[in-house]
Structure formats: C-alpha cells, structure tokens
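Asks: The structure under discussion is supplied below as structure tokens; questions concerning it will follow.
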C-alpha cells in the first residue's frame, strides 16, 4: 500500500517511527563489548571486598546506635490506680498513693511543686503502686492543681444483692358488656 | 581491543569465519563460543548488534543508553552462553536478554532522573530523533516542509505519551529489525496481541492528531 493510499497521518506516523527507531549503534560495539568482558575482573578485585567492608561497617554502626538508644530509652510506666476494698466506709473519697520501692530521687514534676510529702502517682519508673484505703480520720487532701495527689472520689460500693424476680399472676377481670354504643 | 582469545580455538574459528563467513550459522558460532572461542562470539555480536541496539532503543528511548544496554546484553549473553541449549534461535534468546536489561534500565531511578533532564530539552524543541528528519526534501515547498516538520515533532511527542505496551509494540515493529514473532517473545505476548497493539497505537495516535487539528487527507 502506498503512502497516498494510506493517508497522510498514517504515512507521517510511519516516518516518525522510522526516524525514531532506524538508528544504528555507534561503530565499535564489538570492541566495547570486549572491553566490558575484561573489565569486571579488574573491577571485581577491589569492588567486592570494599562492598563487604562497607556492609560490615554499616551493620556495626546500626548495632551501636540501637544499643545506645535502647539503654537511654525510659521504661514504660503503667499507671495503676488501686480501688479500695469494698469494706471501706462509704461516703469518703479514696486516694491512691504510690509507694516507691527504694528511696529514689523525687520525680521532676513540671509546673507548680506539690506539697511536701506527696508522692507522684505516675512518678518513678520502677515504683510500686499500692492501694491505700483511707481511714475514717484521715484528712482529705484537696489539691486539684497538684500533679502528685489525685483524689479518687469513688465511694465504696456496697455488695450488690440481686433479689429473685417474683412474678405476679396476671388477673384479667371479666369483661362485661352492658349495652351497645349508640350511633350518632 | 579484541576479544580475549583462546589461540587453538581462535585459529579454527578464523578459518571458518574468514573463509566462509556467510555459511557459518549462528548455532555453529554459538557452539564455538561455548567452547571458549571469543572470535566466534565477536562475530555473533557483529551479526546481531543492530537488532539488539534497536530493541534497547525502543525500551529506553535514548541512543546512548541503548548502546550501554546493548553492551550489557552481550556481556550477559557471553556469561550465560553455557546455558544456551539451542532450543530457540540464538537471536531470539539474545533479544530476550536485551529486552530484560532494557526494561531494568527503564525502571531504574537514574533513568527517570535523566528523563527529567531531557524533558526540559524537549520543551525547547530539541530532540535526538529530529536529526534524521531535518534533511530538507526537494520536492516540497517551504510551507509544506515546515508543516511536515511540526507534524513529525508532534507525532514523536504523542508516541512518548502512549501506554508502554502500545508504544513498545509500535516502536519494535517500526525498527525494521524484528519480526512479529521476535517481538512477541520479547514482550511475552502472542503475535496476534502484538499486531493488535501496533494497530491500536496507530489508532490512538491518529485520534490525538485529529484532535490537534491534523487532517487525515
């Protein structure tokens, strides 16, 4: 089929594709291939050991960074608030208190300092959290601004007693029809 | 620089390749190369260099990169030559290696960086392929030549925007070096699919050209 028969755009597309594709490689491809066949033996003599050394260095560096970061990372603190036993007298708010295992330095509390003698509930990382029930005479600490005392205003719950459900017999009074309603 | 030679085999190859170069088949050259004859492999490079280069060019779109890919393909073929059993033609096997190398190159990050760099050059109207079409035709008026030049430039830009499957089939078919069967092997598609892709690529191009105002007279 000639170009005239195929149409102008068809022949233009053919020309464009030919122009893009019918290019010859630069002369000397055979020699360039031969050179590349020789090249890896020269390059490989130092390339592989260098790569292996670099990989070892990278692994060592990552290990050091990981070890250092794991040492300086603070332990997770799981806040626990113990609830007083149900036998405690009702009507008094409970206060949870943290008792540290050992005399450790007080944790840094940002903001206003708390009252002396108060202990942080979320304080030391390895602190032991113990439940504290308040006695009837214990004074209440009302310090909502302080981070170290948190009043837990949950009253002691009385034991729940579930009474059995008693079903009353349904009594239906007898239906008595006295008269038909009148139509208006 | 010549291929590293194995003297004993090289001598026999010289006799074969120099005395009867046209009669030695690719398969015979492959057998000699598998025995270590680098001259025979050099002859295979010479015979297939254009097909390999144009296959790479269809994938990567740059003559410089296509030359590099062609070299890599031949080097890989040399290293894998012992695994070639002759179940298919050497040329088909070589083109498959070439296509894989070219696709790897096309996917590489450096390729994209270079494409970004050449994109700005294309915006300025320069194109490595334009050189071929810049030869003035004597039987055309200056206006017609200018219009044709613009049309060619627009078609090339549109070809680059085609979906890869269509573009690859169109360019490989237009290379003048590959049969549909070879293209099908390279693209891992049946011959019928390859032909459909070529036709579809042309349809898409013509539709876009018509939308740009070019009439199909």
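Asks: Just to be sure before I move on: is residue B:151 modelled with pLDDT of 85 or more, within 9 Å of chain A (Cβ to nearest Cβ) and either over 21 Å from residue B:103 (Cβ atoms) or assigned to a helix (DSSP H, G or I) (or both) in the structure I sent? So that I can check it myself, show each step before the final result.
Replies: Numbers: modelled with pLDDT of 85 or more: yes; within 9 Å of chain A (Cβ to nearest Cβ): yes; either over 21 Å from residue B:103 (Cβ atoms) or assigned to a helix (DSSP H, G or I) (or both): yes.
In short, yes.
Asks: Of the residues that make up region B:205-215, is at least one at pLDDT below 95, within 8 Å of chain A (Cβ to nearest Cβ), surrounded by 16 or more Cβ atoms within 10 Å (Cβ to Cβ) and not in a helix (DSSP H, G or I)?
Replies: Within region B:205-215, one or more residues are at pLDDT below 95, within 8 Å of chain A (Cβ to nearest Cβ), surrounded by 16 or more Cβ atoms within 10 Å (Cβ to Cβ) and not in a helix (DSSP H, G or I).
Asks: Within region A:1-25, take every residue that is surrounded by fewer than 14 Cβ atoms within 10 Å (Cβ to Cβ) and not in a helix (DSSP H, G or I) and give me the one that is modelled with the highest pLDDT.
Replies: A:24
Asks: Ok, one more. Taking the condition in contact with a helix residue (DSSP H, G or I) (Cβ under 9 Å, 6 or more places away or on another chain), modelled with pLDDT of 95 or more and within 13 Å of another protein chain (Cβ to nearest Cβ), does residue B:60 pass? If you could, list the steps in order and put the result at the bottom.
Replies: Working: in contact with a helix residue (DSSP H, G or I) (Cβ under 9 Å, 6 or more places away or on another chain): yes; modelled with pLDDT of 95 or more: no; within 13 Å of another protein chain (Cβ to nearest Cβ): yes.
No; evaluated as a whole, the condition is false for this residue.
Asks: I'd like the full set of residues that are away from chain A (no Cβ under 13 Å), within 14 Å of the chain's Cα centre (by Cα) and in a loop (DSSP other than H, G, I, E, B), limited to region B:178-204.
Replies: Result: B:179, single match.
Asks: Let me ask another. Give me a count of the residues in region B:155-177 that are in a loop (DSSP other than H, G, I, E, B), surrounded by 18 or more Cβ atoms within 10 Å (Cβ to Cβ) and facing chain A (nearest Cβ under 8 Å).
Replies: Filtering region B:155-177 down to residues in a loop (DSSP other than H, G, I, E, B) leaves B:162-163, B:174-177.
Next, from what is left, pick out any that are surrounded by 18 or more Cβ atoms within 10 Å (Cβ to Cβ): B:162, B:174-175, B:177.
Filter again for facing chain A (nearest Cβ under 8 Å), leaving B:174-175.
The number of residues fulfilling the criteria is 2.
Asks: Right, residue B:52: at the interface with another protein chain (Cβ under 10 Å from one of its Cβ atoms) and more than 13 Å from the chain's Cα centre (by Cα) or not? Spell out the reasoning first.
Replies: Numbers: at the interface with another protein chain (Cβ under 10 Å from one of its Cβ atoms): yes; more than 13 Å from the chain's Cα centre (by Cα): no.
In short, no.
Asks: Something else now. Among the listed residues B:100, B:79, identify the single one that is more than 13 Å from chain A (Cβ to nearest Cβ) and surrounded by fewer than 20 Cβ atoms within 10 Å (Cβ to Cβ). It would help to see each step written out before you state the result.
Replies: On the way: B:79 fails: more than 13 Å from chain A (Cβ to nearest Cβ).
The match here is B:100.
The values are calculated or read from the model by the stated rules, or taken from the named source; none is laboratory data. These figures come from a predicted structure and were not determined experimentally. All Cβ positions, glycine included, derive from the backbone under ideal geometry; neighbour counts span all protein chains shown.
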